[in-house]
Amino acid sequence: MFEKGQSEGLFFLVRRGLKKTGFDLCDMTAFAAGRGPGSFTGLRIGLSVAKGFSFAFSRPVLAFSSLEAIAYNADTAGTKTVSVAVDARRGNVYSRLYRRNAKGEMVGLKREALVPAPVWASGIPADAVVAGDGVSTYGAELKGKFAALEESLWYPTPESISRLALEAWRAGEKTDAEGLRAVYLYSRDCQVKKTC
């Protein structure tokens, strides 16, 4: 359900997941959604579904960074530093560097950024593990220099999403259908123009 290009079958997957768990949408306390950065179309679809569920069932939404969801996958590898890169097309990646703090939590350094792939590659610390589909798309120059998380961990997983949603819930970081916003780093391509 959370792999790239799977948004087309989203409602089928939601129905299948509900059937497997025995839950109904009205049983949900909140809905979780990746706010990006990522595919413009994928973000619009995912956030539209979350907004629709939030509005229809009067439930909050717990939004999380798509890059952070990938960084959390590094927990399975016991990694201290992870550099996440998601293919943003046009020779660019969405990226952010994460380090494990004293509590064992992955903490983002700097901000999520849209950068040319070579800039991302040149800024990776020596102790980092790399993750995200930007690794396969632009990682030829990384071969032999950095370890990579296994490819199945290059996308948000149900485990990382659940964990981030639970952290947001505990921290009181909730929003509603109206307040849910995407993170678009290609801002000039994503402007909504008022026509009337």
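The values are calculated or read from the model by the stated rules, or taken from the named source; none is laboratory data. Computed from a prediction, not measured in an experiment: that's the story for all the values here. For neighbour counting, all protein chains shown are included, and Cβ atoms are generated from backbone atoms with ideal geometry for every residue, glycine included.
Yes or no: the stretch 165-188 includes at least one residue that is within 17 Å of the chain's Cα centre (by Cα), among the hydroxyl-bearing types (Ser, Thr, Tyr) and assigned to a helix (DSSP H, G or I).
no
Go through 110, 103 for me and flag whichever is in a strand (DSSP E or B), modelled with pLDDT under 90 and in the same structural domain as residue 74 (by TED's automatic domain parsing).
After ruling out the rest, the residue left standing is 110.
Condition first: part of a helix (DSSP H, G or I) and crowded, with 16+ Cβ neighbours inside 10 Å. Now tell me which residues in the stretch 136-162 satisfy that. If you could, list the steps in order and put the result at the bottom.
If we filter the stretch 136-162 for residues that are part of a helix (DSSP H, G or I), which is where we start, we get 136-138, 140-142, 151-153, 158-162.
Across the stretch 136-162, the qualifying residues are 137, 138, 142, 153, 160, 161.
Residues checked against (1) crowded, with 21+ Cβ neighbours inside 10 Å; (2) touching a Lys or Arg at 6+ places or on another chain (Cβ under 7 Å); (3) not assigned by TED's automatic domain parsing to the domain that holds residue 123:
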site	(1), (2), (3)
28	no, yes, yes
41	no, no, yes
49	no, no, yes
95	yes, no, no
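Which of (1) at pLDDT below 95; (2) farther than 23 Å from residue 178 by Cα; (3) assigned to a strand (DSSP E or B) is the odd one out, the single condition residue 73 does not satisfy?
In the conditions (1) at pLDDT below 95; (2) farther than 23 Å from residue 178 by Cα; (3) assigned to a strand (DSSP E or B), residue 73 misses (3) alone.
Any residue in the stretch 155-174 that is closer than 16 Å to residue 46 by Cα sitting within a Cβ distance under 7 Å of a residue that is of a type in the set (A, V, I, L, M) and loosely packed, with under 13 Cβ neighbours inside 10 Å? List the pairs, counting only those 6 or more apart or interchain.
none
Being outside the structural domain of residue 184 (by TED's automatic domain parsing), β-branched (Val, Ile, Thr), over 16 Å from the mean Cα position of the chain (by Cα) and under 15 Å from residue 37 (Cα atoms) is true for just one of 84, 115. Which residue is that?
115
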